[in-house]
Amino acid sequence: MEEVVIVGAGIAGLATAVALKKVGVRALVLERSKELRTTGAALGLFANAWVALDALGVSDKLAALYTPMEKNGAQQRAVHRKVLLEVLAEELPPNSIRFSSKITSIETQVEHGLSTCIVMLDDGTIIKSKVVIGCDGVHSIVARWLGLRPPVYSGRSAVRGLSVFPKGHGFDPGHAIQQFVDVGKRAAFIALNDKEVYWFLGAKCPPKGMEKGADPEMIQREVMENLAKDFPPVFLDVVKHSDLSSLTWAPLMFRYPWDILFGNLFRSSVTVAGDAMHPMTPDLGQGGCSALEDAVALGRHLGNSIAKHGKLVTQDIGFAIEKYAKERRLRVATLTTASYLSGWVQQDGSSRFMRFLRDVIFYGLLWGRVVNGIIEYDCGKLPSVSSLPSRESESSI
């Protein structure tokens with residue numbers, strides 16, 4: 001019997017495992033890939049993310065590696081996704097992550113009057129746990145089991161990549177993000193360090209024949225010769241220097257906010273976090289940030305339950321998870337809505353009305369207030385709970 005099973009070793013999954021470790025619970029993380037996933041190349045971390053990272057005890061490690069953006073405040077940095085995952089994974093006990101573990105189904109059953117979660121893997125393995133937390137991304141099996149409606153296509157797609165300049169790119173790593181807008185398209189790049197630049201391009205079109213496993217050279221060519229052909233040479237040069245292995249082109253999905261507000265975010269001792277709960281478009285850069293918030297909030301509520309009972313008590317787990325879901329509903333529904341509207345305003349046309357709406361109303365009057373209200377959010381701290389007996393001698397492989 002596991003205490004907690006976390007499905008997915010992305011940002012939400014690993015951060016949740018770290019949060020639970022901080023409150024005295026060791027979780028088993030099931031990851032379908034053979035290694036840590038690094039899709040997305042990099043991401044921006046705003047002040048709200050750093051509050052969460054501080055609660056998780058890893059903010060200093062990351063802050064030492066990246067230069068803060070000068071114009072956007074000392075607490076905003078762009079970081080490699082792989083580095084963030086590795087920093088989180090290093091906090092976990094040995095054998096906490098089981099790779100090549102694809103779940104096929106979830107069940108709950110009552111044993112001796114107590115609810116138990118049963119997770120089945122494609123290799124026939126059956127794992128019992130007191131808690132199951134789905135951090136398995138946009139197409140979450142756990143979210144589907146809970147009855148959440150599937151995410152919907154936003155009408156846009158995004159190409160992301162990491163560019164490498166062996167002799168240096170000449171951009172200031174501390175400079176704010178450089179953005180380019182055209183009709184139905186928006187692109188940007190930001191320096192991660194002296195030699196690497198993260199870039200993305202969003203467009204009002206689906207990935208054209210770029211199904212999973214598509215030729216990265218084709219993606220690069222499509223960006224340079226079609227999607228970004230009218231953008232400034234400086235952006236095209238960044239795309240030209242792309243590390244082809246980093247290129248991805250995917251549809252931008254999101255969950256309707258009313259499905260988040262009124263849908264089943266939990267059932268018994270099963271819940272979701274990160275993209276499994278609230279997939280959103282990347283226009284406010286809050287996907288990863290909100291996943292870190294989820295982790296701290298979930299760790300806090302389960303930690304409070306442990307502090308109350310001295311251990312993870314099955315009878316009280318459901319109440320703790322219900323409190324977590326209640327706390328996160330409005331916050332992430334708001335983020336999902338604001339992200340979608342932000343993308344629509346910034347990218348949807350060049351008419352005089354849309355330019356007025358974008359440049360005067362959105363950027364001139366609303367942008368600062370919206371962003372500040374979002375990034376100044378404080379997800380709280382984790383309670384101080386004595387660690388449970390170590391299980392490091394047990395292999396989870």
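The values are calculated or read from the model by the stated rules, or taken from the named source; none is laboratory data. On a predicted model such as this, the values are computed, not experimentally measured, just so you know. Using ideal geometry, Cβ is built from the backbone for each residue, glycine included, and neighbour counts are taken over all protein chains shown. Just so you know, the surface numbers come from the protein's heavy atoms only, side chains and all, with ligands and any DNA or RNA stripped out. Shrake-Rupley method; radii C 1.70, N 1.55, O 1.52, S 1.80 Å.
Screening residue 185 with (1) within 18 Å of residue 30 (Cα to Cα); (2) at pLDDT below 95; (3) basic (Lys, Arg) gives one miss only, at (1).
Which of the residues belonging to the stretch 276-289 are open to solvent by 10 Å² or more (accessible area, probe 1.4 Å), in a helix (DSSP H, G or I) and at pLDDT 95 or above?
Passing the criteria: 287, 288.
Scanning the stretch 234-246 finds one or more residues that are among the hydrophobic types (A, V, I, L, M, F, W, C) and touching a residue at least 60 places away in the same chain (Cβ under 8 Å). Highlighted here are the strands (runs of 3 or more DSSP E) found entirely within the stretch 3-84 that include at least 1 residues which are within 14 Å of residue 273 (Cβ to Cβ): 27-30. The number of residues in the stretch 301-313 that are open to solvent by 50 Å² or more (accessible area, probe 1.4 Å) and part of a helix (DSSP H, G or I) comes to 4.
Residues that are open to solvent by 40 Å² or more (accessible area, probe 1.4 Å) and assigned by the TED database to the domain that holds residue 298: does the stretch 41-48 have at least one? The answer is no, given that none of the residues of the stretch 41-48 is open to solvent by 40 Å² or more (accessible area, probe 1.4 Å) and assigned by the TED database to the domain that holds residue 298.
Of note, residue 87 does not satisfy the criterion of being assigned to a helix (DSSP H, G or I), β-branched (Val, Ile, Thr), in contact (Cβ under 8 Å) with a residue 24 or more places away in the chain and more than 30 Å from residue 122 (Cβ to Cβ). Considering only residues in the stretch 204-220 that are more than 19 Å from residue 282 (Cβ to Cβ) and at pLDDT 85 or above, the one that is most open to solvent (accessible area, probe 1.4 Å) turns out to be 217. Of 335, 341, 298, 292, all but one fail to be closer than 30 Å to residue 42 by Cβ, open to solvent by 10 Å² or more (accessible area, probe 1.4 Å) and either modelled with pLDDT of 90 or more or not in a loop (DSSP other than H, G, I, E, B) (or both); the exception is 341.
Looking across 7, 29, one residue alone is buried (at least 24 other Cβ atoms within 10 Å of the Cβ), more than 12 Å from residue 298 (Cα to Cα) and in contact with a Ser or Thr (Cβ under 7 Å, 6 or more places away or on another chain). It is 29.
Applying a threshold of 6 Å to beta carbon distances and a minimum spacing of six or more residues, or different chains, the list of pairs starting in the stretch 260-272 at a residue that is open to solvent by 10 Å² or more (accessible area, probe 1.4 Å) and ending at one that is among the small types (Gly, Ala, Ser) and in a loop (DSSP other than H, G, I, E, B) reads 264/147.
Would you check if residue 183 is touching a residue at least 60 places away in the same chain (Cβ under 8 Å), of a type in the set (Val, Ile, Thr) and not assigned by the TED database to the domain that holds residue 43? Criteria met by residue 183. Please enumerate the residues belonging to the stretch 162-178 that are over 13 Å from residue 235 (Cα atoms) and part of a strand (DSSP E or B). Within the stretch 162-178, just 164 meets the criteria. Within the stretch 101-128, can you find the residues that are open to solvent by less than 70 Å² (accessible area, probe 1.4 Å) and either in a loop (DSSP other than H, G, I, E, B) or of a type in the set (Asp, Glu) (or both)? Matches in the stretch 101-128: 101, 111, 113, 124, 125. The requirement of being under 30 Å from residue 305 (Cβ atoms) and modelled with pLDDT of 95 or more is not satisfied by residue 223. How about the stretch 314-330: which of its residues are open to solvent by less than 30 Å² (accessible area, probe 1.4 Å) and in contact with a helix residue (DSSP H, G or I) (Cβ under 8 Å, 6 or more places away or on another chain)? Result: 316, 317, 320, 321, 324, 328.
A single entry from 131, 181, 159, 197 fulfils the requirement of being part of a strand (DSSP E or B), at negative phi and open to solvent by 40 Å² or more (accessible area, probe 1.4 Å): 181. Once the stretch 213-232 is narrowed to residues that are of a type in the set (A, V, I, L, M, F, W, C) and outside any helix (DSSP H, G or I), the residue that is nearest to residue 251 (Cα to Cα) is 214. Test residue 226 against the criterion of being of a type outside the set (Phe, Trp, Tyr), open to solvent by less than 60 Å² (accessible area, probe 1.4 Å) and touching a Pro at 6+ places or on another chain (Cβ under 8 Å), and give yes or no. Answer is no for this residue.
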